[in-house]
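Enquirer: Structure below; questions to follow.
The values are calculated or read from the model by the stated rules, or taken from the named source; none is laboratory data. Just so you know, these numbers come straight off a predicted model, no measurement behind them. Reconstructed Cβ throughout: ideal geometry from the backbone, glycine too, with neighbour counts over all protein chains shown. Please note that ligands, DNA and RNA were not included when accessible areas were found on the heavy atoms of the full protein model with its side chains. Shrake-Rupley method; radii C 1.70, N 1.55, O 1.52, S 1.80 Å.
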There are 2 protein chains.
Amino acid sequence: MIAGSKLRMTKQRQLILEELRKVTSHPTADDMYQVLRKKMPKISLGTVYRNLEILSDTGIIQKIDVGGTQKRFDADISTHYHIRCTICGRVADVHMEPHMELEAEAQKLTDYEILHHRVEYIGICPECRKKQS
Amino acid sequence: MIAGSKLRMTKQRQLILEELRKVTSHPTADDMYQVLRKKMPKISLGTVYRNLEILSDTGIIQKIDVGGTQKRFDADISTHYHIRCTICGRVADVHMEPHMELEAEAQKLTDYEILHHRVEYIGICPECRKKQS
DNA sequence: CCTCAATATAGTAATAATTATTGTTTTATT
DNA sequence: AATAAAACAATAATTATTACTATATTGAGG
């Protein structure tokens, strides 16, 4: 979340940001790479990782970690909750107001200084539910 | 969470469970390995991983994933919330009642079938706070 | 309490995700 | 246009975890 750092706007960085802003699927670095290489065949996976890292460090995008083996990225930097399908791993937004009172409640019970909180739901997505029945 | 599976009680498995039950520090597999090898020098890291996996699959312990690069384990299988220190990575319990109404609220807003939820706090632990000032 | 098949083990190799290195190219400022 | 800083592609290295394999242990049935 370090702001004010003047990033150079390279073709690669611009495309990465552009493509991430087009989707709401919370892609992994490799998901992004697969999409990006169609438009820029010489882009390297390292560049994708490095830029997603830089963009999230500067607060332009957010890195999310909702279980599974890979990190995911989201161009929506507002505080919002996620739900993850326990079968296919897909991650979706849950459009509810964040419960800020959870922080006040927890602060009474812990010696830690609470900075923020995350709520994650685990469930089954419509597609996987269909396949089950 | 598959119950009824009859596990063989090996010395290794017993010790792993015993040591995990002694702590509230949510150790990683490697943390466990470092402690265990003092009491059983020939135990292998693979055995630690395999048993922590089996024990969590059968619901005897729980595997937790609160960000960071390593999975953590907890002998306390009740639903409870965690807080993670953003500086040192330490994870502690937050002893508050789970807010089950979060699930009902989210269920109205998503097509996913909600199975459960997790709340994770991010903050600074007392030790790291001391060092900062 | 012995036998034996199933399961677990130690040790090691393999895999997956991510990060680091390096020599070259690009950016954007002078 | 010159140039220094930053970013790039390609590749190597690292970290966490899982898989493999030959040997050893467990516990049920006799």
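Enquirer: Filter the chymotrypsin sites (Phe, Trp or Tyr not before Pro) in the stretch A:40-133 to those in DSSP coil with at most 16 other Cβ atoms within 10 Å of their Cβ, and list the result. Could the numbers behind the result be given before it?
Expert: Values: sites: A:Tyr49, A:Phe73, A:Tyr81, A:Tyr112, A:Tyr121; in loops: A:Tyr112.
Those that pass, being in a loop and sparsely packed, number zero.
Enquirer: If we hang a label 7 Å off Cα along the beta carbon direction at A:Thr24, how far is it from the matching labels on the other copies, in nm, shortest first?
Expert: Its label point is 4.1 nm from the equivalent points in the other copies.
Enquirer: Another question about this same structure. Measuring nothing but label to label, 7 Å from Cα along Cα→Cβ, what are A:Met9's distances to the other copies in nm, shortest first?
Expert: When each copy's label point is compared with this one, the spacings are 6.7 nm.
Enquirer: Looking down the axis that turns B into A, which residue of B has the closest beta carbon, and how many Å out?
Expert: Closest Cβ on chain B to the axis mapping it onto A, in Å: B:Val119, 3.
Enquirer: For a 18 Å ceiling on Cα separation, which of these pairs sit above it: B:Lys22/B:Lys131; A:Lys11/A:Lys39; A:Lys22/A:Lys63; B:Lys11/B:Lys42; A:Lys11/A:Lys42; B:Lys11/B:Lys38?
Expert: B:Lys22/B:Lys131
Enquirer: Is it possible to state the helix-based mean residue ellipticity at 222 nm for chain A, with each DSSP H run of 4+ residues giving -39500 (n - 2.57), the sum divided by total residues, to the nearest 500 deg cm²/dmol? What is it?
Expert: Working: 5 runs with 50 residues, N = 133.
When only DSSP H runs of four or more count, the value is -11000 deg cm²/dmol.
Enquirer: Further question on the same structure: Over chain B, calculate the relative contact order: mean separation of alpha carbon pairs under 8 Å at least 6 apart, over the residue count, as a percent. Don't skip to the end; give the middle numbers.
Expert: Numbers: 157 pairs, mean separation 28.7, N = 133.
For chain B, the relative contact order is 22 percent.
Enquirer: Return an integer: the convex hull volume of the alpha-carbon atoms of the stretch A:81-132, in Å³ per residue.
Expert: Given the Cα convex hull of the stretch A:81-132, per-residue volume reads 95 Å³.
Enquirer: Where in the stretch A:57-91 is the amide nitrogen less than 16 Å from a point lying 7 Å along the Cα-to-Cβ axis of B:Gln132?
Expert: Within reach of a label on B:Gln132: no residues.
Enquirer: Which distances, in nm and shortest first, link the A:His80 label point to the same label point in every other copy, taking 7 Å along Cα→Cβ?
Expert: Between copies, matching label points for A:His80 lie 3.3 nm apart.
Enquirer: Per residue of the stretch A:68-75, in order, report the coupling 6.51 cos²θ - 1.76 cosθ + 1.60 (Karplus, θ = phi - 60°) as ³J(HN,Hα) in whole Hz, putting x for Gly and Pro.
Expert: Residue by residue, the stretch A:68-75 yields x, 9, 10, 6, 10, 10, 9, 7 Hz.
Enquirer: Could you work out how far apart the two model spin labels at A:Met100 and B:Arg8 are, taking each label as a point 7 Å from the Cα in the direction of the beta carbon, and quote it in nm?
Expert: 5.7
Enquirer: Sticking with this one: Would you work out which of B:Ile122, B:Met100, B:Gln132 lies farthest towards the positive end of the dipole of the stretch B:81-132, given +1 charges on the beta-carbon of Lys and Arg and -1 on that of Asp and Glu, about the Cα centre?
Expert: Of B:Ile122, B:Met100, B:Gln132, it is B:Gln132.
Enquirer: Something else: Rounded to the nearest 5, what is the percent of antiparallel bridges among the DSSP beta bridges in the protein assembly as shown?
Expert: Numbers: 27 of 35 bridges.
Given both bridge residues lie in the protein assembly as shown, the antiparallel proportion sits at roughly 75 percent.
Enquirer: Let me ask something additional. How about the stretch B:1-77: which trypsin sites (Lys or Arg not before Pro) there lie in a loop by DSSP and see at most 11 other Cβ atoms within 10 Å? All intermediate terms of the calculation are to be shown ahead of the outcome.
Expert: Values: sites: B:Lys6, B:Arg8, B:Lys11, B:Arg13, B:Arg21, B:Lys22, B:Arg37, B:Lys38, B:Lys39, B:Lys42, B:Arg50, B:Lys63, B:Lys71, B:Arg72; in loops: B:Lys6, B:Arg8, B:Lys42, B:Lys71.
Those satisfying the criteria are B:Lys6, B:Arg8, B:Lys42.
Enquirer: Tally Lys and Arg at +1 and Asp and Glu at -1 over the other residues with C-beta under 12 Å from the C-beta of A:Glu53: what net charge comes out?
Expert: For residues surrounding A:Glu53, the net value is +3.
Enquirer: Only counting protein heavy atoms at a 1.4 Å probe, give the residues of the stretch B:69-84, ordered by number, whose accessible area falls by 50 Å² or more when the other protein chains are present relative to the chain alone.
Expert: Hits at the 50 Å² cut-off: B:Ile83.
Enquirer: Additional query: Mind checking which of A:Leu55, A:Leu20, A:Leu109 has the largest fluctuation in a GNM of chain A, springs on alpha carbons under 10 Å?
Expert: Answer for the Gaussian network model of chain A: A:Leu109.
Enquirer: Further, regarding this structure: In terms of the Cα gyration tensor, with a ≥ b ≥ c the square roots of its eigenvalues, is chain B rounded because a/c is under 1.5, prolate because a/b exceeds b/c, or oblate? All intermediate terms of the calculation are to be shown ahead of the outcome.
Expert: On the way: a/c = 2.52, a/b = 1.23, b/c = 2.06.
Here chain B falls in the oblate category.
Enquirer: Another question, then. Could you give the dipole magnitude of chain B about its Cα centre, charging the beta-carbon of Lys and Arg +1 and that of Asp and Glu -1, in debye to the nearest 20?
Expert: Here the size comes out at about 1080 debye.
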